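The values are calculated or read from the model by the stated rules, or taken from the named source; none is laboratory data. Worth saying up front: this structure is predicted, and the values here are computed from it rather than measured. Positions of Cβ are generated from backbone atoms using ideal geometry, with glycine treated the same way; all protein chains shown enter the neighbour counts.
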Amino acid sequence: MLFYVQMKWNYQGRLSQDELWALEEKEAEHGLEGIRSGFVQLFKVVSQHRIIAIVEADSLENLDRNSMGWLPMREYLEFEVVWALRDYKGFAEDVRNRFPRLEQQPPKPTYSNRSTREVAEDWFESLRRKDFERAITLLDDNIIWENLPFTPGVTDVPPWLGTYNGLEEVQKSFEIMVQHTEVIAFTPYNLIVDGDQAVGMLHEHARCIANGNEYDLYVATHLKIRNGKIVNWRVYWDPSPLIVAYKNL
């Protein structure tokens, strides 16, 4: 299956010029390896901080998984657009058949048989892509989200911290968060799975919308997964960088 992918470099203010050149050189080498392997056709948009690619992959998940391996600048690349492509011969066939009717489409996959690792990887990948709608589908209706214990003067600085019970409360907290914080990049790493539980580390680079201050957080995430859904979500992190950014200290 073919995909059109559009990516934007987001490294301004995060790398020195020398670091940028070294990373771009490595990026170019890995890009050429991808082209030689037949996995991807990469193009640099002239005079723009963007790359476009035509990628052949079995699925969107495999595209994303493979990209993690051959893009050294992944932490600094934002995926702006990913479109599945239909070759024109196939499109012509669809037109002749008047396209499949909706009821003929395969049903959406269920998650009850998915392993703890599969769900956890899906969760962290959804966050990395900033696909919050996808992430929400992995949460149980009765999810408990513990986002730091309440501490006056600390956890009440950003208005979305606290403990939330149920999917509706979690969704509202997401809505509040995006009004105050612009997430620039989520970078997951070091996933450990044991039974129905998973622990993963996450680097978050974000910006306070009110004043433009950027900050970095390193978050430990503990997930409990049952029947293919996350039933308990607990995070551990130092809020100091966020407080400094929000209070303009």
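Going by the structure shown, is residue 142 outside the structural domain of residue 80 (by TED's automatic domain parsing), among the polar types (S, T, N, Q) and more than 22 Å from residue 128 (Cβ to Cβ)? Step through it out loud before you land on a result.
Values: outside the structural domain of residue 80 (by TED's automatic domain parsing): yes; among the polar types (S, T, N, Q): yes; more than 22 Å from residue 128 (Cβ to Cβ): yes.
Answer is yes for this residue.
Given the structure, is residue 94 over 12 Å from the mean Cα position of the chain (by Cα), at pLDDT 70 or above and in a helix (DSSP H, G or I)?
On the way: over 12 Å from the mean Cα position of the chain (by Cα): yes; at pLDDT 70 or above: yes; in a helix (DSSP H, G or I): yes.
It is true that residue 94 is over 12 Å from the mean Cα position of the chain (by Cα), at pLDDT 70 or above and in a helix (DSSP H, G or I).
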Checklist line | Within the stretch 178-192, tally of residues that are surrounded by 15 or more Cβ atoms within 10 Å (Cβ to Cβ) and within 12 Å of the chain's Cα centre (by Cα) | finding: 5
Note to self: Condition first: more than 14 Å from residue 52 (Cα to Cα), modelled with pLDDT under 75 and among the aromatic types (Phe, Trp, Tyr). Now tell me which residues in the stretch 71-91 satisfy that.
What the structure shows: 76
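For the stretch 136-246, give me every one of the strands (runs of 3 or more DSSP E) that falls completely inside it and has 3 or more residues that are among the acidic types (Asp, Glu) and either under 21 Å from residue 117 (Cβ atoms) or modelled with pLDDT under 90 (or both).
Values: elements: 139-147, 162-165, 181-194, 197-208, 214-226, 229-236.
Correct list: empty, since no element meets the threshold.
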Item checked: Residue that is farthest from the chain's Cα centre (by Cα) [pool: residues in the stretch 10-29 that are exposed (fewer than 15 other Cβ atoms within 10 Å of the Cβ) and of a type in the set (A, V, I, L, M)] -> 22
Next item on the list: Looking only at the stretch 193-249, count how many residues are at positive phi and surrounded by 14 or more Cβ atoms within 10 Å (Cβ to Cβ).
Entry: 1
Item checked: Residues of the stretch 196-223 that turn out to be in contact with a Ser or Thr (Cβ under 9 Å, 6 or more places away or on another chain) and closer than 19 Å to residue 139 by Cβ, as a count -> 8
Notebook entry, point to check: Are any of the residues in the stretch 164-175 under 22 Å from residue 249 (Cα atoms) and free of Cβ contacts under 8 Å to residues at least 60 places away in the same chain?
Noted result: no
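Whether any residue in the stretch 185-203 is under 27 Å from residue 76 (Cβ atoms) and acidic (Asp, Glu) is what I want to check.
Narrowing the stretch 185-203 to residues under 27 Å from residue 76 (Cβ atoms): 185-192, 198-203.
Remaining after also requiring acidic (Asp, Glu): none.
No.
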Checklist line | Hits in the stretch 138-156 - residues which are surrounded by 15 or more Cβ atoms within 10 Å (Cβ to Cβ) and of a type in the set (Val, Ile, Thr) | finding: 143, 144, 154, 155
Notebook entry, point to check: Is it the case that the stretch 16-35 has a residue that's under 26 Å from residue 206 (Cα atoms), modelled with pLDDT under 75, in contact with a strand residue (DSSP E or B) (Cβ under 6 Å, 6 or more places away or on another chain) and in a helix (DSSP H, G or I)?
Noted result: no
